[in-house]
Amino acid sequence: MALPRIVNTVLNEYITLFNEHLPKIIEGLYIHGSIALNAYVEDSSDIDFITITNRPLTEKDSSALSYIHSTIAKKYKKPEMDGVYIHWRDLGKLYTNSSDFIFSYQFYNNEKLHYGDYFNFNPVTWWMLKNKGINIIGPDPKDFDFEIQSQQLFSYVLGNMNTYWASRIKMAESSINDIIKMPTDKIDFEIEWNVLGLLRQFFTLKEYDIVSKLDAGEYGLTQIPVEWHSIIEEAMSIRKGIKANIFSSNIERIDKTLRFSKFLITYCNNMIEKN
């Protein structure tokens, strides 16, 4: 699959900088996320990456990595890079509780370099890498010697919906007066993140597969009662960078987002209980 031109440009410069400042260390570079799903959205999608090195990177490597990423970020505001540095031994690791975090990792997220426990070693990440991942450097990920079963993916997503997503919606409800006062672009982010994020989970629970946010929105329009189509279309328009004018006020958009989110979590739990 051909990469978007800007993604290819950023990755080429990233590889050049990495080899200049940490020579003879990189052995694998893989792309997952929206790019691997052929759903890259200009000025919205990130470059989700996993870089594999021939030795674990330590805190001593922070200055070199900070320079690499800050140089890229200053030159290219979008797309942002978002990913982790691992050793081959880390492929397929599933971290389920705090005792699993016996190693620290360098990772770059939200324009900041971090060193410590990494939050994305889960069935979604590894399923995406193994089944959809793009190898920029290194062997085809389909040849990796780990497997993520469909039931592992299903169980993780169901648990995530009833913990992370449920608590996020509850917190948003309790702070709705603060959300209303946020700038419109921040409200847009919350609407897109919640509506399309939950629809991606809905798709996985029904189809045992993973799709992009926009494809999850399209799927939702075929599966979810019509009363919720307006907020799905709103979230999809935000994702596409289009002003939709579906709602007359931010409070109306926020209210519909929260009600839809609670509906979909309940809908999924009821669907699974029946099955």
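Bear in mind that the values in this text are calculations on the coordinates, not laboratory data. Worth saying up front: this structure is predicted, and the values here are computed from it rather than measured. For neighbour counting, all protein chains shown are included, and Cβ atoms are generated from backbone atoms with ideal geometry for every residue, glycine included.
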Helix 5-21: inclination vs the chain longest Cα principal axis, degrees, rounded to 10, gives 40 degrees
Note: ASP209 to THR163 extended length (0.36 nm per residue) minus current alpha-carbon separation gives 14.5 nm
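Mind ordering 120-126, 140-146 by average Cβ neighbours within 10 Å, highest first? Spell out each step's value before the answer.
Values: 120-126: 20.6, 140-146: 12.7.
Highest mean packing first, the order is 120-126, 140-146.
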Once both label points are put 7 Å beyond Cα along the C-beta direction, the MET182-ASP145 separation in nm becomes 4.5 nm
In Å, the C-alpha Rg and Dmax of segment 117-177 are 15.9, 50
The ³J(HN,Hα) series, computed from each phi in segment 258-275 with the Karplus coefficients 6.51, -1.76 and 1.60 at θ = phi - 60°, rounded to the nearest Hz and given as x for glycine or proline, is 5, 5, 5, 4, 5, 4, 5, 4, 5, 4, 5, 5, 5, 4, 6, 5, 5, 7
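Output the peptides 20-31, 232-243 sorted from most to least packed, where packing is the average of other Cβ atoms within 10 Å over each peptide's residues.
On the way: 20-31: 16.5, 232-243: 18.6.
The packing order, highest mean first, is 232-243, 20-31.
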In nm, the gap between the two label points placed 7 Å beyond Cα toward Cβ at TRP193 and LYS77 is 2.0 nm
The Cα extents of the chain along the principal axes, largest first and rounded to whole Å, are 56, 42, 36
With x for Gly and Pro, the residue-by-residue ³J(HN,Hα) of segment 46-54, computed from phi through the Karplus equation 6.51 cos²θ - 1.76 cosθ + 1.60 at θ = phi - 60° and given in whole Hz, is 9, 9, 7, 10, 10, 9, 9, 10, 7
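Semi-axes of the equivalent ellipsoid of segment 64-132: what are they in whole Å, largest first, if each equals the square root of 5 times a C-alpha gyration tensor eigenvalue? Display every interim value, and only then the final one.
On the way: eigenvalues 115, 45, 19 Å².
Three semi-axes, in Å: 24, 15, 10.
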Residue by residue through segment 29-36, the couplings from Karplus 6.51 cos²θ - 1.76 cosθ + 1.60 with θ = phi - 60°, in Hz, x for Gly and Pro, are 9, 10, 10, 10, x, 4, 5, 5
For segment 214-275, the charge dipole (Cβ of Lys, Arg +1; Cβ of Asp, Glu -1; about the Cα centre) points to a positive end, and the Cα of GLY217, PHE247, ASN275 closest to that extreme belongs to PHE247
In nanometres, the difference between 0.36 nm per residue of separation and the alpha-carbon distance of LYS262 and GLU59 is 68.9 nm
